1. For the range 62-100, give me the residue count where each residue is part of a loop (DSSP other than H, G, I, E, B) and not hydroxyl-bearing (S, T, Y).
2. Just need a number here: residues in the range 17-33 that are free of Cβ contacts under 8 Å to residues at least 24 places away in the same chain and under 19 Å from I105 (Cβ atoms).
3. Please count how many residues of the range 146-166 are under 20 Å from K116 (Cβ atoms), touching a helix residue (DSSP H, G or I) at 6+ places or on another chain (Cβ under 6 Å) and part of a helix (DSSP H, G or I).
4. Across the range 161-185, what is the total count of residues that are in contact (Cβ under 8 Å) with a residue 12 or more places away in the chain, closer than 19 Å to M204 by Cα and under 21 Å from the mean Cα position of the chain (by Cα)?
5. When you scan the range 110-130, do you find a residue that is loosely packed, with under 12 Cβ neighbours inside 10 Å, without any contact (Cβ under 8 Å) to a residue 60 or more places away in the chain and hydrophobic (A, V, I, L, M, F, W, C), even just one?
6. Given the conditions (1) buried (at least 17 other Cβ atoms within 10 Å of the Cβ); (2) not in a loop (DSSP other than H, G, I, E, B), which single one is not true for T103?
7. How many residues, within the range 70-100, are more than 22 Å from R37 (Cα to Cα), in contact (Cβ under 8 Å) with a residue 24 or more places away in the chain and either of a type in the set (G, A, S) or open to solvent by 40 Å² or more (accessible area, probe 1.4 Å) (or both)?
8. How many residues, within the range 44-69, are open to solvent by less than 10 Å² (accessible area, probe 1.4 Å) and either of a type in the set (S, T, N, Q) or closer than 22 Å to T30 by Cα (or both)?
Amino acid sequence: MSLKERFTALCLPFIEDRHLISRLWQEIETQYSGKGRYYHNLFHLENMFQELEGVKNVMKEFVTVSFSVFYHDVIYDASSKSNEEKSALYATERLGKLGVHQTIISKTSAQILATKQHQKSDDNDTNYLLDADLSILGKEWPLYLEYTRQIRKEYSIYPDFLYKPGRKKVLKHFLELESIFKTDYFKEKYEFQAKENIAAEISMLS
């Protein structure tokens with residue numbers, strides 16, 4: 001299923017206006033295909049949905065998580081510290097247009113905001129979302145290395161003497177967590193490799 005088909009199927013239970021659904025999809029596609037989107041793009045969304053496929057049957061509200069995937073990086077500016085807040089507001093406004101229930105809108109907003117700090121949540125659906133978002137960290141080394149290059153391109157406005165210390169701080173934060181992944185499913189799948197990858201990247205940045 002393509003992302004467009006997935007988004008359409010997600011929206012149709014709430015509204016029959018296919019023109020509106022198509023317009024909102026076009027917005028998402030345009031945002032994630034923007035200049036400078038080397039990692040936080042449509043491929044990132046596809047990967048997240050692939051990762052969540054194995055656990056969607058144990059989630060309470062896969063519909064909510066799906067909306068969160070589509071909108072969690074809809075606003076992305078490497079020089080901004082408020083991308084998640086802006087993305088949550090953007091999602092709230094768009095889902096309101098679709099006639100989505102307010103409880104789903106509120107949970108979607110909260111899940112998007114949770115991707116800012118990546119702290120373990122009391123809501124396990126949110127933990128699955130966060131783990132899918134970070135799944136790249138535990139992929140085999142060539143894929144991880146390509147991810148690091150893509151992130152560097154996204155932050156190309158910063159010279160190495162600014163980028164490297166900032167990146168190292170982020171990576172060290174992950175290693176200091178009790179575990180990078182919040183759910184048993186993703187922990188077993190990616191935790192060991194993620195720590196290996198991150199340690200290797202830190203040594204490359206030194």
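The values are calculated or read from the model by the stated rules, or taken from the named source; none is laboratory data. On a predicted model such as this, the values are computed, not experimentally measured, just so you know. Ideal geometry is used to build each Cβ from the backbone, glycine not excepted, and the neighbour counts take in all protein chains shown. Each accessible area value is taken on the protein alone, full model and side chains, heavy atoms only, with ligands, DNA and RNA left out. Shrake-Rupley method; radii C 1.70, N 1.55, O 1.52, S 1.80 Å.
1. Within the range 62-100, the subset part of a loop (DSSP other than H, G, I, E, B) is 72-82, 98-100.
Applying the additional criterion that residues be not hydroxyl-bearing (S, T, Y) yields 72-75, 77-78, 81, 98-100.
The total comes to 10.
2. Filtering the range 17-33 down to residues free of Cβ contacts under 8 Å to residues at least 24 places away in the same chain leaves 17-19, 22-23, 25-26, 30, 33.
Pick out the ones that are also under 19 Å from I105 (Cβ atoms) and you get 17, 23, 25.
Final tally of qualifying residues: 3.
3. Residues that pass the stated criteria total 1.
4. Taking the range 161-185 first, the residues in contact (Cβ under 8 Å) with a residue 12 or more places away in the chain are 164, 167-168, 171-172, 174-175, 179-183, 185.
From what's left, closer than 19 Å to M204 by Cα: 164, 167-168, 171-172, 174-175.
Filter again for under 21 Å from the mean Cα position of the chain (by Cα), leaving 167-168, 171-172, 174-175.
Count: 6.
5. Step one: of the range 110-130, the residues loosely packed, with under 12 Cβ neighbours inside 10 Å are 117, 119, 122.
Filter once more, keeping what is without any contact (Cβ under 8 Å) to a residue 60 or more places away in the chain: 117, 119, 122.
Narrowing further to those that are hydrophobic (A, V, I, L, M, F, W, C): none.
Within the range 110-130, none of the residues are loosely packed, with under 12 Cβ neighbours inside 10 Å, without any contact (Cβ under 8 Å) to a residue 60 or more places away in the chain and hydrophobic (A, V, I, L, M, F, W, C).
6. Exception for T103: condition (1).
7. First, the residues of the range 70-100 that are more than 22 Å from R37 (Cα to Cα): 92-93, 95-100.
Then drop every residue that is not in contact (Cβ under 8 Å) with a residue 24 or more places away in the chain, which leaves 95, 97-100.
Checking the rest, the ones that are also either of a type in the set (G, A, S) or open to solvent by 40 Å² or more (accessible area, probe 1.4 Å) (or both) come to 97, 99.
Final tally of qualifying residues: 2.
8. Here the count works out to 10.
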